[in-house]
1. Measuring from a point 7 Å past the Cα of residue 53 along Cα-to-C-beta, which residues in segment 4-30 have an amide N at less than 17 Å?
2. Quick one: which residues, 5+ away or cross-chain, put their amide H under 5 Å from the amide H of residue 38? H built at 1.01 Å from N.
3. According to a simple spin-label model (label point 7 Å from Cα along Cα-to-Cβ), what is the distance in nm between residue 17 and residue 86?
4. Could you give P(r) for the chain, binned at 10 Å from zero, as whole percent values over all Cα-Cα pairs?
5. Identify which of 115, 106, 94 has the largest mean-square fluctuation in a Gaussian network model of the chain, with springs joining Cα atoms closer than 10 Å.
6. Which of the peptides 126-134, 85-93 is most tightly packed, and how do the rest follow, judged by the mean count of other Cβ atoms within 10 Å per residue?
7. Where the centre of each part is set by its Cα atoms, how far does segment 88-147 sit from segment 1-80, in angstrom?
8. Among rounded, prolate and oblate, which fits segment 131-186 when a ≥ b ≥ c are the square roots of the eigenvalues of its C-alpha gyration tensor, a/c under 1.5 means rounded, and a/b larger than b/c means prolate?
Amino acid sequence: MTGGSRPPVVLAWTGASGAAYGVRLLECLLGAGERVYLIVSQPGLMVINGETDLGLPARAADAQRHLATRFGAAPGQLRVFGQAEWTAPVASGSARFRAMVVCPCSMATLSAIASGASRSLIERAADVTLKEQRRLILVPRETPFSAIHLDNMLTLTRLGAVIAPANPGFYHRPGQVEDLVDFMVARILDLLDVPHHLLPRWGE
């Protein structure tokens with residue numbers, strides 16, 4: 001089954017630092033032929049434009065055109081939804097998507113998902129992912145973690161989510177920041193069963 005024939009991956013960008021991880025993950029997913037539903041929170045938009053040169057527009061339709069052009073997405077391969085777009089497919093369990101990644105994941109978003117708040121489209125999509133027993137991957141970049149953060153992560157792990165903190169390894173001897181970003185993105189792609197050649201594997 002090719003990436004294009006599989007259900008989409010939902011990707012959410014929130015207000016945590018580490019925007020480069022989310023941008024690179026989107027680039028790799030699209031490059032692998034995967035279909036992507038992208039949701040960007042308002043704080044996430046601020047962080048993206050503060051930490052990268054992406055120049056992402058605020059309106060979902062404009063952001064979709066901008067990103068599709070930037071990363072060479074095929075028609076229909078990328079869809080961008082606004083935070084209050086409750087008619088988006090990801091708001092319902094009847095929609096076909098196979099996994100969701102929140103990268104980077106703020107502690108506010110992680111807390112809301114752990115409590116089932118569903119106050120925004122990102123939170124609702126994560127709630128749907130959990131209730132439908134699909135793969136939910138959260139990539140927090142906070143440090144240090146408080147007991148509240150750890151309790152929320154434990155709650156989500158027990159519910160079946162995968163907590164994958166943005167903690168890159170160094171055994172591949174990174175020579176630049178991009179190598180550290182690719183290390184984390186490679187781990188996420190592995191969790192999504194998306195082929196890649198971002199870095200050599202241990203022992204190979």
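Readers should treat all values here as calculations from the given coordinates under stated rules, not as data from a laboratory. The model shown is predicted, which means the values in this text are computed figures rather than measured ones. FYI the Cβ positions are ideal-geometry reconstructions off the backbone, even for glycines, and counts take in every protein chain you see.
1. So the set is 19-21, 23-24.
2. 11, 79, 80, 81
3. 3.6 nm
4. With a bin width of 10 Å, the distribution comes to 9, 38, 39, 14, 1.
5. 94
6. 126-134, 85-93
7. 16 Å
8. The shape class here is oblate.
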